[in-house]
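Beneath this line is the structure, given in structure tokens, with notes to follow.
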Amino acid sequence: MDQISTYGVAVLSGGLVAFLLTVFGGGGSVLATPLLLYAVGMQDAHVAIGTSAAAVAVNAAVGLAAQAKAGRIKWPCALTFGAPGLFGALVGAHIAKALPSDTLLVWFAAAMAAVGLAMFRKPTSLGDPGIHIDAGKAMRLAPVGVLTGTAAGFFGIGGGFLVAPGLMAATGMTLANAAASSLVSVTLFGVATSASYVTSGLVDGPILLALIVGGAGGVASGARLAPSLATRALLARRLFAAMIVLTAAYVAWRALAV
């Protein structure tokens, strides 16, 4: 594949990931690394993970700005969860960089399968929209944030599928507030993870730029389509989850077949 074709596929990949993230929320970012490896043609799993982590950070930051403008973010809870997780993200990324590519991809496939299976659950909107931080909630949020950040750094994904449930469990906030507030952690974890990979020379700048360019189109397309899927949201989400699980099986097969 020549360079023009490579960048073209990267733009399309970035658009697809951003589209899925916009329509379905958490979970879409796990497809970025497989797309970089098997569609764009990257040879090094570490570079693919580092590059996708940087793209996730950019996408999350854009989404964070929109959610902040809408006033949906519970900032004290979000920062109490996300700030300790920064340390975990750096630790997770350091461990991942030390593993052989094939071993890392097997673990990544397991994480993908977990994301897909978690998405089969029917979301709930129960919770308290007026929750406030207190000492008890802070004591629950901080350690979960560290663990989630470690997982996000290790797998090079935003970890939104872990952050939102963690926020709900520790504080009792609504799903809408948790989904919005999770973007604080996803952005922080993505920045920390990609910074770790950048310092090791494991981020492809031109491919990252192509992913971001494609992502802008994917967000716009997803925003237009999302309302029409509202009546079939659960079915569509479960079909997407099945696609993630099947992709996980493919990634594991490719890694184990080497």
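The values are calculated or read from the model by the stated rules, or taken from the named source; none is laboratory data. As the structure is a prediction and not an experimental result, all values here were calculated from the model. FYI the Cβ positions are ideal-geometry reconstructions off the backbone, even for glycines, and counts take in every protein chain you see.
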Evaluate the following for residue 162: is it in a helix (DSSP H, G or I), without any contact (Cβ under 8 Å) to a residue 24 or more places away in the chain and of a type in the set (A, V, I, L, M, F, W, C)?
yes
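For (1) under 23 Å from residue 138 (Cβ atoms); (2) touching a Leu at 6+ places or on another chain (Cβ under 8 Å), each residue gets a yes or a no:
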site	(1), (2)
164	yes, yes
171	yes, yes
191	yes, no
200	no, no
205	no, no
208	no, no
212	no, no
215	no, no
Flag for residue 91 being surrounded by 16 or more Cβ atoms within 10 Å (Cβ to Cβ), at pLDDT below 85 and at negative phi:
no
Could you go through the range 38-46 and let me know if any residue there is surrounded by fewer than 17 Cβ atoms within 10 Å (Cβ to Cβ) and either closer than 12 Å to residue 189 by Cα or in contact (Cβ under 8 Å) with a residue 60 or more places away in the chain (or both).
yes
Restricting attention to the range 171-191, and to residues there that are surrounded by fewer than 24 Cβ atoms within 10 Å (Cβ to Cβ) and modelled with pLDDT under 85, which single residue is nearest to the chain's Cα centre (by Cα)?
179
Consider residue 30 against the criteria (1) modelled with pLDDT under 85; (2) surrounded by fewer than 24 Cβ atoms within 10 Å (Cβ to Cβ); (3) of a type outside the set (Gly, Ala, Ser): it satisfies all of them except one. Which criterion is unmet?
(2)
Test residue 146 against the stated conditions and say whether it is more than 25 Å from residue 65 (Cβ to Cβ) and assigned to a helix (DSSP H, G or I).
yes
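Going through the range 25-39 one residue at a time, which ones are assigned to a helix (DSSP H, G or I) and farther than 18 Å from residue 7 by Cα?
At the first step, the residues of the range 25-39 found to be assigned to a helix (DSSP H, G or I) are 28-39.
If the condition is that a residue be assigned to a helix (DSSP H, G or I) and farther than 18 Å from residue 7 by Cα, then 28, 29, 30 are the ones that fit.
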Determine which single condition residue 42 fails, assuming it passes every other condition in (1) over 22 Å from residue 222 (Cβ atoms); (2) over 13 Å from the mean Cα position of the chain (by Cα); (3) part of a helix (DSSP H, G or I).
(3)
